[in-house]
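Colleague: Take a look at the following structure, please.
The values are calculated or read from the model by the stated rules, or taken from the named source; none is laboratory data. Since this is a predicted model, take the numbers as computed values, not measurements. Positions of Cβ are backbone-derived with ideal geometry, glycine not excepted, and every protein chain shown enters the neighbour counts.
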Amino acid sequence: MNLYVYTLRRLLYIIPVLLGVCAIVFFLFSVVSPDPTLIMLGKHASVQQMEELRRELGLDRPWFIQYLDIVKSAFTFDFGRSWSTKQEISTMIKQGAIPSLTLSLPAFVISFVISITVSLMVAFYRGKFLDKIAVFGCVSMMSISSLAYILFGQWFFGYKLGWFEISGYDYGFPDFIPYVLLPILIWVILGLGPEVRFYRTVLLDEIYQDYVRTARAKGLGEHVILFKHVLKNALIPIITNLIISIPFLILGALLLESFFSIPGLGAMTLNAVNASDFPVIKAMTILTSVAYIIFSVITDICYTLVDPRVRLR
Amino acid sequence: MAAVEQQSKSLWQHAMGTLFRDKMAVVSIIIILFYVIMAALSATGIIVADWTEEVGPSYGSPSMDNWFGLDMFGRSVLAKTIKGTEVAMSVGLIASLLSLVIGVTLGAIAGYFGGRVDEFIVWFYTTFTSIPNIMLLVAITFISGKGLKAVILALGLTGWVGLCRLIRGEVMRHKDREYVHAASAIGAGNYRKLVRHILPNVTHIMIINFSLQFQIAIKSEVILSYLGLGVQGRPSWGIMIDDAKLELARGVWWQLAAATFAMAIVVLAFNILGDSLRDALDPKLKGK
Amino acid sequence: MSEEKLLEIRNLQVQFNTDRGAVTAVKGVDLDVYRGKTLGIVGESGSGKSVTALSIMRLIPDPPGKIIEGHIKFKGENLLDISLSDMRKIRGNKIAMIFQEPMTSLNPVFTVGNQIMEVLDLHQSHLSKKQKIAKCIESLDLVGIPAPEKRIKEYPHQLSGGMRQRVMIAMALACEPDILIADEPTTALDVTIQAQILELMNSLKEKMGMGIIFITHDLGVVAEMCDEVAVMYCGKIIEESDVFTIFKHPMHPYTKGLMESIPSFDSTGIEAKSRLKTIEGMVPSLFDLPKGCNFQDRCSEVTDECRGIKGPPVLEDLVAGHKAACFNPLK
């Protein structure tokens, strides 16, 4: 199979997956969920009131029309209006995207750079004391609840030491910076454990390959072996992991945003959950899923570009 | 047949031997057993019969009488932590069993029968993984009406994908092995071949995944409880951490510390046990 | 002897630390390699033959492995004493090595040319880029790869197993080493390709005048390739001699057993009618070696002597130039 056929097939596979996502969203929110009119009007609503609201929300239409609506929204990003704020959801998403990205993008980059550096160091000293400490450290860090990191970080660095802003956000550069510093720091610390562990595993998987023995037999030094031979092979899983985590950046960090009152998409989603705002939850689910689907296709295509073995298969 | 059984038995014995020589693994098992016992004792009311009991002043600090201090209503934080253990253990156990059953069933069917069935199951889990886990968790708990059952259901229904993939791959590898052909030669049907011959060869994946899933469930329960979607009207580690949000500024750290440590220690134990199990059971990784 | 002695190994001992305690995988091996000669090391898996080879390159994975005794003198210089950076100058330059798995021994993400160039960059940095490329093409040509100027731009996965092994050989020979260590270089290849590779190695030995250490479990290959043969069992050499003597008159029952387990062919190429024999029993675990001779439980000639009263048998000259470690050598 050549690259074009592969790419085309991969692109076409988006369609059934997208229809599937819409089906799951439809199933969850329109089939098995409790009647939203009950949630919105409370227990004492009359039957007539409920009927009216159902018509207003379009819930009285046949199920396949409602399903098609969801599918349509996945392409047009027109998700209708929020039940609680009555705003256009697409406008809300546009507004929320900026604060989210100002937090998640820098955090993502810094976190990657630090984690990959640490894991290269750890892989270089594999089996030695430093490596053992690092592995145990990673597992320990992963075992502590992310809530505890956020709470403690906010209290200690923000409140006790007073180094950072604890809450709020300002639009525009560079006004937003003080508000995102502490969340970014906490994000980086949160990511350190799982990421170093993952990259270390990836690097070590390569270090024990036969071609590394060949490289040593040629007389290459350990540094060249690690940074040239091993790293280029390890790039494949590393890039995969990196690209596939990009879609989650849209959500920002649900918890961080809500703790630090940053008006991003994550906080918006949590508010929607608290207010039983179905359209917003649905919109965010579809949006992140679409992003995930697109990025997983990109990952697969990148994969064929980086790895010469896949190219001609 | 007898010879094969003996061989596999000795493989398991060998793995168990490796596991029990690993001191960290043994310590982890002891810790997990301790948590399980605490949870069982608390569930049967033998200890902490009434956690709502007021035993001292509001926000009483840790003392000889109340090791972990008291909360806003003067209730023992230790009692709440133990009650939280009960929630965490039951969520971990039932949710991971649920995802185990779903993952193994779908994975085995896909891997064994292949063709259309396989394509359908692959499509299903590709679709499923396309939806961010947190959104699914939120949606399922929301819909099944908040509370302990909802949390277990949500975690069980979302945690199966990784296992399903692994089992599918392994079953595919095994189904063309000689021993399976031999089984069909003596007239074994699909069900017998799959359940009696292939699945015992992938048990190690189930065990490793179970211990991984257990701690993921415990961690997720804390987040869901914090979001207000978790257990209602009884203490859980997530709710305790949520309470601590307002307490830290007053210098009340013990509720946060108790819940965090209680959780971290058991999750750490599961993590270490998971790694040791992998070393002991997965022959591919041996020698590394 | 008039030949130039390139390598001298004396009393080499290599230990591995495992979960179940330390094992000595190589126990007191003595070997010599001469220019223009091929030394064969024969043994089953676990006999310590690969570990011996890796020790010469100092490529024993450490941890868990460690060379605990002995010396390996290359042209009079003990390789176990020099610094790691000096050792790197010898690897791939003076002593080169090829491996059993041609499919995985090349790095999949670099081109063939790139990987050969790397050796030249490292050890012949005085050459210009052009000269290096020319040399790279020349070495591929030497190992019989057609259209080498095209091949240097290809990736390993585009080549067959035999071609990859040729690339490995080209890479090993790029710096015209004094010694080539070949660790089961043809085991993973088809029989016809195997014959081609062996022939290639023989002709290159003539052309370049290097010493070869050829490691294999296949006595048939030994007959074709080697001048001297050392048979290893459980980390020790149990018989050593020139290739004609050992085939004509094996002294150790183990060697004889190995020979009887290879099919022999008469001059017409039809398999001889005699039944193949196998060596009974299994190689003992290194954790649980019997006292005395390690081969006692599988040996047809076993006597009480072998069971440990006198300790293990010592490798000694039984006939001039023919050594064996056996209490009851075959006549």
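Colleague: Would you please name the residue that is nearest to B:Tyr125 (Cα to Cα), looking only at residues in the range B:163-182 that are surrounded by fewer than 18 Cβ atoms within 10 Å (Cβ to Cβ) and not basic (Lys, Arg)?
Modeller: Ranking the qualifying residues of the range B:163-182, first place goes to B:Gly169.
Colleague: Just to be sure, is A:Ser167 under 28 Å from A:Gly96 (Cα atoms) and surrounded by 19 or more Cβ atoms within 10 Å (Cβ to Cβ)?
Modeller: When the stated conditions are applied, A:Ser167 does not pass them.
Colleague: Restricted to the range C:143-168, and to residues that are outside any helix (DSSP H, G or I) and over 15 Å from C:Thr104 (Cβ atoms), which residue is nearest to the chain's Cα centre (by Cα)?
Modeller: Step one: filter the range C:143-168 for residues outside any helix (DSSP H, G or I), giving C:143-147, C:152-155, C:159-160.
From what is left, the residues that are over 15 Å from C:Thr104 (Cβ atoms) are C:143-147, C:152-154.
On the way: C:Val143: 20, C:Gly144: 23, C:Ile145: 24, C:Pro146: 28, C:Ala147: 30, C:Ile152: 28, C:Lys153: 31, C:Glu154: 29 Å.
The extreme case among them is C:Val143.
Colleague: Give the number of residues within the range C:153-165 that are more than 14 Å from chain A (Cβ to nearest Cβ) and of a type outside the set (Gly, Ala, Ser).
Modeller: Going through the range C:153-165 one residue at a time, the tally reaches 1.
Colleague: Let me ask you something else. Run down C:Asn114, C:Asn107 and say which single residue is crowded, with 21+ Cβ neighbours inside 10 Å and polar (S, T, N, Q).
Modeller: Working: C:Asn114 fails: crowded, with 21+ Cβ neighbours inside 10 Å.
Selected residue: C:Asn107, the only one of C:Asn114, C:Asn107 that is crowded, with 21+ Cβ neighbours inside 10 Å and polar (S, T, N, Q).
Colleague: Quick one: would you say C:Thr192 is of a type in the set (S, T, N, Q), surrounded by fewer than 22 Cβ atoms within 10 Å (Cβ to Cβ) and touching a residue at least 12 places away in the same chain (Cβ under 8 Å)?
Modeller: Details: of a type in the set (S, T, N, Q): yes; surrounded by fewer than 22 Cβ atoms within 10 Å (Cβ to Cβ): yes; touching a residue at least 12 places away in the same chain (Cβ under 8 Å): no.
Criteria not met by C:Thr192.
Colleague: To continue, here is another question. Against the condition within 14 Å of chain A (Cβ to nearest Cβ), under 30 Å from A:Leu18 (Cβ atoms) and buried (at least 19 other Cβ atoms within 10 Å of the Cβ), how does B:Ala95 come out, does it pass?
Modeller: Values: within 14 Å of chain A (Cβ to nearest Cβ): no; under 30 Å from A:Leu18 (Cβ atoms): yes; buried (at least 19 other Cβ atoms within 10 Å of the Cβ): yes.
When the stated conditions are applied, B:Ala95 does not pass them.
Colleague: Another question, then. Residues in the range A:121-140: is at least one surrounded by 17 or more Cβ atoms within 10 Å (Cβ to Cβ), at pLDDT 90 or above, within 22 Å of the chain's Cα centre (by Cα) and in the same structural domain as A:Ala234 (by TED's automatic domain parsing)?
Modeller: Checking the range A:121-140: at least one residue is surrounded by 17 or more Cβ atoms within 10 Å (Cβ to Cβ), at pLDDT 90 or above, within 22 Å of the chain's Cα centre (by Cα) and in the same structural domain as A:Ala234 (by TED's automatic domain parsing).
Colleague: A further question follows. Please work out which residue is surrounded by the fewest Cβ atoms within 10 Å (Cβ to Cβ), limiting yourself to the range C:224-246 and to residues that are of a type in the set (Asp, Glu), over 16 Å from C:Lys256 (Cβ atoms) and in contact with a strand residue (DSSP E or B) (Cβ under 7 Å, 6 or more places away or on another chain). Full working, then the answer.
Modeller: The first filter runs over the range C:224-246 and keeps only residues of a type in the set (Asp, Glu), leaving C:224, C:227-228, C:239-240, C:242.
When the remaining residues are screened for being over 16 Å from C:Lys256 (Cβ atoms), the result is C:224, C:227-228, C:242.
Still in the list and also in contact with a strand residue (DSSP E or B) (Cβ under 7 Å, 6 or more places away or on another chain): C:227-228, C:242.
Working: C:Asp227: 18, C:Glu228: 23, C:Asp242: 14.
Filtering the range C:224-246 for residues that are of a type in the set (Asp, Glu), over 16 Å from C:Lys256 (Cβ atoms) and in contact with a strand residue (DSSP E or B) (Cβ under 7 Å, 6 or more places away or on another chain), the one surrounded by the fewest Cβ atoms within 10 Å (Cβ to Cβ) comes out as C:Asp242.
Colleague: Being within 14 Å of chain A (Cβ to nearest Cβ), modelled with pLDDT of 85 or more and either under 25 Å from the mean Cα position of the chain (by Cα) or in a helix (DSSP H, G or I) (or both) narrows it down to one of B:Leu224, B:Leu246, B:Leu229, so name that one.
Modeller: Details: B:Leu246 fails: modelled with pLDDT of 85 or more; B:Leu229 fails: modelled with pLDDT of 85 or more.
Of the residues listed, the single one that is within 14 Å of chain A (Cβ to nearest Cβ), modelled with pLDDT of 85 or more and either under 25 Å from the mean Cα position of the chain (by Cα) or in a helix (DSSP H, G or I) (or both) is B:Leu224.
Colleague: Looking at A:Leu53, A:Leu68 in this structure, which one is assigned to a helix (DSSP H, G or I), of a type outside the set (Asp, Glu) and closer than 30 Å to B:Ile121 by Cα?
Modeller: On the way: A:Leu53 fails: closer than 30 Å to B:Ile121 by Cα.
Just one listed residue meets the conditions, A:Leu68.
Colleague: For the range B:261-285, enumerate the residues that are modelled with pLDDT of 90 or more and among the aliphatic types (A, V, I, L, M). Explain how you work it out, then say what you get.
Modeller: In the first step, residues of the range B:261-285 are kept if they are modelled with pLDDT of 90 or more; the result is B:261-273.
Hits for the range B:261-285 are B:Ala262, B:Met263, B:Ala264, B:Ile265, B:Val266, B:Val267, B:Leu268, B:Ala269, B:Ile272, B:Leu273.
Colleague: Counting just the residues of the range A:1-50 that are within 11 Å of chain B (Cβ to nearest Cβ) and outside any helix (DSSP H, G or I), which one comes out farthest from the chain's Cα centre (by Cα)?
Modeller: Once the filter is applied, the top-ranked residue is A:Pro34.
Colleague: Now, a different point. Please enumerate the residues belonging to the range B:249-276 that are more than 17 Å from the chain's Cα centre (by Cα) and assigned to a helix (DSSP H, G or I).
Modeller: B:Ala249, B:Arg250, B:Trp254, B:Gln255, B:Leu256, B:Ala257, B:Ala258, B:Ala259, B:Thr260, B:Phe261
Colleague: Name the single residue, out of those in the range A:203-218 being over 19 Å from A:Val122 (Cα atoms) and either more than 7 Å from chain C (Cβ to nearest Cβ) or within 38 Å of the chain's Cα centre (by Cα) (or both), that is surrounded by the fewest Cβ atoms within 10 Å (Cβ to Cβ). Write out each step before concluding.
Modeller: Restricting attention to the range A:203-218, the residues satisfying the condition of being over 19 Å from A:Val122 (Cα atoms) are A:210-211, A:213-218.
Now drop any that are not either more than 7 Å from chain C (Cβ to nearest Cβ) or within 38 Å of the chain's Cα centre (by Cα) (or both), which leaves A:210-211, A:213, A:215.
Details: A:Asp210: 16, A:Tyr211: 23, A:Arg213: 21, A:Ala215: 28.
In this case the residue turns out to be A:Asp210.
Colleague: If we scan the range B:62-80, do we find a residue that is at pLDDT below 80, surrounded by 15 or more Cβ atoms within 10 Å (Cβ to Cβ) and of a type in the set (D, E, K, R)?
Modeller: Yes, the range B:62-80 contains at least one residue that is at pLDDT below 80, surrounded by 15 or more Cβ atoms within 10 Å (Cβ to Cβ) and of a type in the set (D, E, K, R).
Colleague: If you don't mind, there's one more thing I want to ask. Would you be able to tell me the number of residues in the range B:126-150 that are in a helix (DSSP H, G or I) and either in contact with a strand residue (DSSP E or B) (Cβ under 7 Å, 6 or more places away or on another chain) or at the interface with another protein chain (Cβ under 10 Å from one of its Cβ atoms) (or both)? First the steps, then the outcome.
Modeller: Let us first name the residues in the range B:126-150 that are in a helix (DSSP H, G or I), namely B:126-130, B:133-143, B:148-150.
Next, only the ones that are either in contact with a strand residue (DSSP E or B) (Cβ under 7 Å, 6 or more places away or on another chain) or at the interface with another protein chain (Cβ under 10 Å from one of its Cβ atoms) (or both) stay: B:126-130, B:133-136, B:138-143.
Result for the range B:126-150: 15.
Colleague: If C:Val112 satisfies all but one of (1) among the β-branched types (Val, Ile, Thr); (2) in contact (Cβ under 8 Å) with a residue 40 or more places away in the chain; (3) closer than 20 Å to A:Glu222 by Cβ, what's the number of the condition it fails?
Modeller: The number of the failed condition is (3).
Colleague: Filter the range A:12-69 for residues that are of a type in the set (Gly, Ala, Ser) and modelled with pLDDT of 90 or more; which is surrounded by the fewest Cβ atoms within 10 Å (Cβ to Cβ)? Don't jump to the end; show me each part of the working.
Modeller: Going residue by residue through the range A:12-69, those that are of a type in the set (Gly, Ala, Ser) are A:20, A:23, A:30, A:33, A:42, A:45-46, A:58.
After this cut, where a residue has to be modelled with pLDDT of 90 or more as well, the list is A:20, A:23.
Values: A:Gly20: 20, A:Ala23: 15.
Step by step, filter the range A:12-69, then rank; the result is A:Ala23.
Colleague: I'd like the full set of residues that are outside any loop (DSSP other than H, G, I, E, B), more than 12 Å from B:Ile134 (Cβ to Cβ) and either more than 9 Å from every other protein chain (Cβ to nearest Cβ) or among the β-branched types (Val, Ile, Thr) (or both), limited to the range A:259-271. Spell out the reasoning first.
Modeller: The initial filter retains those residues of the range A:259-271 that are outside any loop (DSSP other than H, G, I, E, B), namely A:259, A:265-271.
In the following step, the residues that additionally are more than 12 Å from B:Ile134 (Cβ to Cβ) were identified as A:259, A:265, A:267-268, A:271.
Once the filter is applied, which keeps residues that are outside any loop (DSSP other than H, G, I, E, B), more than 12 Å from B:Ile134 (Cβ to Cβ) and either more than 9 Å from every other protein chain (Cβ to nearest Cβ) or among the β-branched types (Val, Ile, Thr) (or both), the range A:259-271 yields A:Leu265, A:Ala267, A:Met268, A:Asn271.
Colleague: Just one of the numbered conditions (1) aliphatic (A, V, I, L, M); (2) without any contact (Cβ under 8 Å) to a residue 12 or more places away in the chain; (3) over 18 Å from A:Thr85 (Cα atoms) is not true of A:Ile244; which one?
Modeller: Evaluating A:Ile244 over (1) aliphatic (A, V, I, L, M); (2) without any contact (Cβ under 8 Å) to a residue 12 or more places away in the chain; (3) over 18 Å from A:Thr85 (Cα atoms) leaves (2) as the failure.
Colleague: Ok, one more. Any residue at all in the range C:166-185 that's surrounded by fewer than 18 Cβ atoms within 10 Å (Cβ to Cβ), of a type in the set (D, E, K, R) and without any contact (Cβ under 8 Å) to a residue 12 or more places away in the chain?
Modeller: Keep residues of the range C:166-185 that are surrounded by fewer than 18 Cβ atoms within 10 Å (Cβ to Cβ), which gives C:176.
Now drop any that are not of a type in the set (D, E, K, R), which leaves C:176.
With without any contact (Cβ under 8 Å) to a residue 12 or more places away in the chain added as a condition, the list becomes none.
Scanning the range C:166-185 turns up no residue that is surrounded by fewer than 18 Cβ atoms within 10 Å (Cβ to Cβ), of a type in the set (D, E, K, R) and without any contact (Cβ under 8 Å) to a residue 12 or more places away in the chain.
Colleague: So which helices (runs of 4 or more DSSP H) stay within the range C:81-140 end to end and still have 3 or more residues that are within 25 Å of the chain's Cα centre (by Cα) and more than 7 Å from chain A (Cβ to nearest Cβ)?
Modeller: Values: elements: C:84-90, C:102-105, C:112-123.
Qualifying helices (runs of 4 or more DSSP H): C:84-90, C:112-123.
Colleague: Suppose we filter A:Glu222, A:Glu165 for residues that are out of contact with any Ser or Thr (no Cβ under 9 Å at 6 or more places or on another chain) and either within 23 Å of B:Asp242 (Cα to Cα) or without any contact (Cβ under 8 Å) to a residue 24 or more places away in the chain (or both); which single one remains? Break it down stepwise before answering.
Modeller: Numbers: A:Glu222 fails: either within 23 Å of B:Asp242 (Cα to Cα) or without any contact (Cβ under 8 Å) to a residue 24 or more places away in the chain (or both).
Of A:Glu222, A:Glu165, the one residue that is out of contact with any Ser or Thr (no Cβ under 9 Å at 6 or more places or on another chain) and either within 23 Å of B:Asp242 (Cα to Cα) or without any contact (Cβ under 8 Å) to a residue 24 or more places away in the chain (or both) is A:Glu165.
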